[in-house]
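Take a look at the structure below.
What follows draws every value from the coordinates through simple rules; no lab data is involved. On a predicted model such as this, the values are computed, not experimentally measured, just so you know. Glycine gets a Cβ as well: all are built from the backbone with ideal geometry, and neighbour counts include every protein chain shown.
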Amino acid sequence: MPSAQTRTRTFRPLPVPSVTLGGLFGERQDAVCATTAETLLDRCVEAGMLDAIDVTKPSPGIVIPLQPWSGSTQMFWDSDLGKSIETVAYSLYRKPNPKLEARVDAIIDLYEKLQDEDGYVNAWFQRIQPEKRWSNLRDFHELYCAGHLMEGAVAYYQATGKRKLLDIMCRFADYMITMFGHGEGQIPGYCGHEEIELALVKLARVTGERKYLDLSKFFIDERGTEPHYFTQEAIRDGRDPKNFIQKTYEYSQSHKPVREQTHVVGHAVRAMYLYSGMADIAAEYGDDSLTKALETLWSDLVTRQMYITGGIGPAASNEGFTEPYDLPNESAYAETCASVGLVFWANRMLGRGPNRDYADIMEQALYNGALSGLSLDGKTFFYENPLESAGKHHRWVWHHCPCCPPNIARLVASIGSYMYAVADDEIAVHLYGESQARFEIAGTVVTLAQQTRYPWDGAIALTLGGLETPQSFAISLRIPGWAKGAKLTVGAEPVDLAAVTVDGYARIERIWSAGDQMRLDLPLNPRFLHANPLVRQDAGRAALMRGPLVYCAEEVDNGTGLNRLTVTGDPQAAREASVEGLKNAVALDLDAEQDRADWGSTLYREAPPQTQPAKARFVPYALWDNRAPGEMLVWMRRPDGRQTKTGSGA
């Protein structure tokens with residue numbers, strides 16, 4: 001857990017325009033600029049979302065039927081537009097696109113005309129069910145939609161300097177301040193789907209208005225308190241408070257006040273957004289009680305409830321968590337949005353100081369559970385991310401609840417902001433990749449360039465620039481937990497990592513000058529990881545990793561019947577290959593055995609499998625289903641479930 005030293009300081013992520021990316025993430029951002037950003041707007045239009053906010057046209061009515069919870073996924077359309085606007089905003093930093101910008105301007109004009117005089121704006125509750133406004137915060141996502149529009153507004157203002165959507169959302173937030181609270185006639189409630197909490201923090205930071213922070217803190221502090229708002233609300237609205245689809249307030253993490261919660265429960269995306277907002281408020285207010293609760297929740301998640309990919313939430317029934325160590329592979333839900341949310345939370349936990357516990361998981365979730373949600377060409381998406389497929393799970397063009405496409409797109413388009421953070425006298429490098437970052441320390445402009453092919457190669461050269469005069473400050477470089485034998489030099493001098501490492505970061509404090517260089521070498525040795533025996537689905541199996549990347553076997557490389565394979569090879573002896581169809585990603589080839597017996601119509605027999613030597617090829621999990629469709633498998637059979645002779649099962 002973070003040391004006392006790091007807890008006293010606040011680190012802010014760099015603004016998106018302060019980081020320019022090359023390498024892997026530069027390629028992924030180029031795909032977002034070239035296809036995804038426009039694709040999102042096109043498919044929002046095709047779904048009818050613009051008709052819903054265009055007051056010059058008749059109300060479209062209920063396009064997506066009401067569900068047993070009395071609502072419709074159509075209620076979320078404002079959030080999809082908000083995230084799509086945010087994606088476009090980030091894409092404009094990398095590649096100006098006047099046509100795309102004009103399309104967003106037109107959408108913002110529609111919202112300006114839609115907004116009520118009091119500041120309220122929500123397509124569903126203005127144009128379809130106005131009588132239901134603020135009647136069911138538990139289920140109807142009003143504040144959630146507002147939050148995503150706020151995030152879109154902040155990003156678009158920062159990208160273009162245009163204030164219209166920002167002003168619209170400030171007016172809405174000002175209206176919320178009058179509506180929510182404990183005063184006479186106010187609503188002492190909060191949203192069933194968290195999001196507004198972290199959005200208000202972004203709004204406060206860009207406007208300098210503390211009142212938005214205070215409203216976010218109100219929503220967090222009120223959650224789960226008694227008398228329970230969702231119960232009181234249902235009674236007031238004439239509904240049976242016990243008769244709702246999930247039957248438990250754990251679903252929305254409102255079963256207890258947030259500081260009393262010790263287990264990660266309920267809907268996975270909601271949980272991640274709540275914890276992200278809590279971490280923001282903990283950093284802004286120096287609230288150690290929130291930080292303590294978050295540390296407990298973090299430990300519960302990463303030690304008992306997280307897939308090796310950083311995927312979370314195994315169950316489709318609640319889009320979330322079940323029991324500890326319940327991590328089925330083929331039926332894994334592991335929603336893309338949930339891994340995106342885990343990246344958000346981990347990044348915010350770094351707001352109180354660099355700590356490898358959080359940054360390693362941020363990287364793991366980013367490179368595997370989140371990035372898998374977007375195809376290489378940026379046109380198709382995963383909603384669920386299983387760790388095994390019999391060949392029937394494929395990317396799709398759109399979804400009746402299209403939350404994941406713009407969520408992974410906005411993350412990819414803004415990933416530079418997650419790579420670096422800065423405090424008054426310290427730069428933190430959380431993630432590695434070809435990039436150029438711009439900081440300001442004590443009024444002095446500092447640039448830091450990374451030259452590297454990471455994650456394909458572990459050699460990272462870092463060069464300082466700016467700095468018209470020498471300046472004293474610290475640079476902290478994350479040393480990943482998996483990077484056994486990492487080496488660092490500053491100039492030509494080797495650094496004793498054990499002597500300078502604090503919370504998993506090599507902290508180099510000195511007087512820096514323009515042109516100073518560091519070289520970090522992170523061994524990317526392939527290794528097998530083995531699951532806790534309580535994860536019954538992975539017994540006798542192992543997962544292959546190289547650096548931060550989880551690898552999987554695909555039918556296109558290995559043929560059908562992946563469960564016939566037993567991987568016998570030592571990962572240290574894996575042969576590397578470049579896969580042209582996957583943007584020259586590094587594949588790994590290992591020795592294996594394959595059951596080639598003809599079982600015919602026999603289901604069970606006394607004779608053991610008849611194996612023959614074989615080769616197994618593995619590719620990064622995040623890139624699967626980008627070529628020919630087919631089977632996929634992460635957790636592979638190992639002979640007798642043994643670890644490798646090199647002991648690489650840590």
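Seen from ASP457, the other residues with C-beta closer than 13 Å to its C-beta sum to a net charge of 0, counting Lys and Arg as +1 and Asp and Glu as -1.
In this simple spin-label model, placing a label point 7 Å from the Cα along the Cα-to-Cβ direction at both GLU330 and ILE245 gives a separation of 2.7 nm.
Rounded to the nearest 20, the Cβ-based charge dipole of the stretch 424-521 about its Cα centre (Lys and Arg +1, Asp and Glu -1) stands at 360 debye.
Comparing Cα centroids, the stretch 285-358 and the stretch 196-251 end up 21 angstrom apart. For the peptides 205-212, 379-386, the ranking by packing is 379-386, 205-212, with the highest mean count of neighbouring Cβ atoms within 10 Å listed first. Under the simplified labelling scheme, the LEU497-VAL445 pair shows an inter-label distance of 3.4 nm, with each label point 7 Å from Cα along Cα→Cβ.
Measuring between their Cα centroids, the stretch 37-109 and the stretch 418-477 lie 37 Å from each other. If R0 is 25 Å, the Cβ-Cβ spacing of ARG575 and ASP457 corresponds to a FRET efficiency of close to 0.95.
Shown in residue order for the stretch 567-574 are the 3J(HN,Hα) couplings computed by the Karplus curve 6.51 cos²θ - 1.76 cosθ + 1.60 at θ = phi - 60°: 7, 9, x, 6, x, 5, 9, 4 Hz (x for Gly and Pro). Arranged from fewest to most other beta-carbon atoms within 10 Å of their beta carbon, TRP77, TRP398, TRP298 become TRP398, TRP298, TRP77. By the count of neighbouring beta-carbon atoms within 10 Å, fewest first, TYR157, TYR285 end up ordered TYR285, TYR157.
Adding -39500 (n - 2.57) for every DSSP H run of four residues or longer, then dividing by how many residues the chain holds, sets the calculated 222 nm ellipticity at -10000 deg cm²/dmol.
Judged by the mean number of other Cβ atoms found within 10 Å, the most tightly packed of the peptides 117-130, 240-253 leads the ranking 117-130, 240-253. Distance between the pseudo-spin-label points of ALA514 and ALA390 (7 Å out from Cα toward the beta carbon): 6.4 nm. Within the straight-line cut-off of under 30 Å between alpha carbons, the lysines reachable from LYS217 are LYS83, LYS132, LYS162, LYS164, LYS202, LYS242, LYS247, LYS256, LYS292, sequence neighbours fewer than 8 places apart in one chain being disregarded. Each peptide in 224-231, 490-497 gets a packing score, the mean of other Cβ atoms within 10 Å over its residues, and the list from highest to lowest is 224-231, 490-497. Counted residue by residue at 0.36 nm each, then reduced by the alpha carbon distance between them, the extension gain from CYS401 to TRP134 reaches 93.9 nm. How many angstrom lie between the C-alpha centres of the stretch 480-542 and the stretch 142-159? Cα centroid of the stretch 480-542 versus Cα centroid of the stretch 142-159: 36 Å apart.
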